[in-house]
1. Could you compute the net charge surrounding PRO267? Neighbours are other residues with a C-beta less than 9 Å from the C-beta of PRO267; K and R count +1, D and E count -1.
2. How do THR26, THR246 rank when sorted from fewest to most other Cβ atoms within 10 Å of their own Cβ?
3. Can you sort LEU165, LEU134, LEU340, LEU226 by how many other beta carbons sit within 10 Å, fewest first?
4. With r defined as the distance between the Cβ atoms of THR189 and ALA413 and R0 fixed at 25 Å, what FRET efficiency is calculated, to the nearest 0.05?
5. Spit out the partnerless Cys residues in the chain, using Cβ distances under 4.7 Å as the pairing rule.
6. If the convex hull of the alpha-carbon atoms of the range 206-485 is projected onto planes in all directions, what is the mean projected area in square nanometres?
7. Could you tell me which of the pairs LYS284/LYS432; LYS150/LYS260; LYS211/LYS397 are separated by over 32 angstrom between their Cα atoms in the structure shown?
8. Restricting to DSSP H runs of at least four residues, report the calculated mean residue ellipticity at 222 nm for the chain, -39500 (n - 2.57) per run over all residues, nearest 500 deg cm²/dmol.
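Rule-based calculations on the coordinates, nothing more; no lab input. Nothing here was measured: the structure is a model prediction, and the numbers come from that model. Cβ: placed from backbone, ideal geometry, glycine included. Neighbour counts: every protein chain shown.
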Amino acid sequence: MVARKKNKTDDEIIGMKEALELLDVTQPTFYRWIREGKISGNKVGRQWRFKKADIEGFLRGESPAQKLPSNFDGLISQLEKATQKDVAKENEKEDVVDYAVFLLLQLAIEHCASDIHLEPGQPGRIRYRFDGVLHEIVNIEEECSKTLIKKIKTLAQCNVNINDLPQDGRIQCELMKTKLDIRITFLPTIAGEEAILKLFSSTENFMDLEKVIAQKNHLATIKDSLSKSYGLHICCGPTGSGKTTTLYSMLQSLDHSGNKIITIENPVEYRFPSMTQIQVYPAKGLDMAAAFRSALRGAPNVLFIGEIHDAITAELALKAALTGHIVLTQMHTDDMSSALTRLLDFGVSPYLIADSLGVVVSQRLLRKLCPECSKASSLNGDDLKDVKKWAESSGIKFEDLSKEWKSSEGCDACKGTGYKGRISVNEVGTLKPSIIKSMIKEENREALAQKIQNEGIINLLGESLRFVSEGKTSLSEIKRVILSSR
């Protein structure tokens, strides 16, 4: 159902020129006030937009207000106004569309969304992803969707006249004192053009490794491996499991004046002024392997490879680690056993793996139970049987679990989902003699996984059970995230 229409907006939006006229100051002075936080404004690309009420409030000596609407009616109202045929002036229409885009992004920040999906249809819809799960926010008419996507294309420096071919763009902006790097993909579909906006926060807000890795024993293992002057360190898991965040946190822990860090990525997701970052362009002949060979000539201490996906890159990474480099990368595999199996399938020598490999971090993200509405609960018969079975298969004792079971019903704080925020669950391991022997014998993945478990390395299912027993997450999250990929 399309959201109800409003006749007028609650706030009048003005541009830089009108704001300067109201304040009667020079542009440099105005910019200084913005930097000092005395005036609240929104900037996307090169354009500034302000609420007239905020400027008038500043003249009265009031602090800038940052409160945003709690629903999306204002956004739809702006879009519908922009597509009305009776909008008299083109610049008035442009202002309305600008504000609609600002609202779309502001509301995403306010609700902690990681990405925005503008999907076509009759009607179309806007969906936000919260804590890894997509939620439908509102339906929009076709013309509203087209108007919004056209404006986003302009800001992303894409061709607004092409809607039958995919396009990629990027917007860098600052909203609500949050610096954003937004990666955008435009897709032609049979229902119309779709836009997917992925929101990346500034590196200034990047999390420390201590906040990313929840378990202290895993953190100690990772730090010990990174303290060595060489080694290939792999983070593995499916798309959306937080691998990039973990790897960049590991990179930041190595980012000091004594290290030369070079990253090779496709695309560069986060930008670090202190690192040398290379964007690969396969169409121009600069693929991952070619960029890697060039990077080695730059005398780095630390190398970050966006992904190992072929035999050439795998062997280059392992040989670089063997010759005195710290190499970090990711693989789209389920766990440590599948990562090792993938390397062997690439034809890499097990002896090279044994000499070069550092730590392997397998990761998933589980939604955390909402602290506002979660409460103590007990397991029913079937759930209890499942937990005991999973604990046994993971090599942990049911008796050792905390058994502080909790459940949540949903509340306003968690938007009725019962969850708020996410926590990373990890399998962290290094090579042991029995694991190396298993690789040399070319045993299958199941046998390799058993050797890993026999060495006391708890798998993702076992680590997830510990979180459930501590009241941090739920059994349904284990089924949704962990068991669905087994």
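1. Here the charged neighbours net out to -1.
2. THR26, THR246
3. Neighbour counts put them in this order, fewest first: LEU165, LEU134, LEU226, LEU340.
4. Result of the calculation: an efficiency of 0.10.
5. Result for the chain is CYS112, CYS144, CYS158, CYS173, CYS235, CYS236, no neighbouring Cys Cβ within the cutoff.
6. Hull-based average projected area comes out at 15.8 nm².
7. On the way: LYS284/LYS432 42 Å; LYS150/LYS260 41 Å; LYS211/LYS397 27 Å.
With Cα atoms farther than 32 Å apart: LYS284/LYS432; LYS150/LYS260.
8. Details: 17 runs with 176 residues, N = 486.
Result for the chain, helices only: -11000 deg cm²/dmol.
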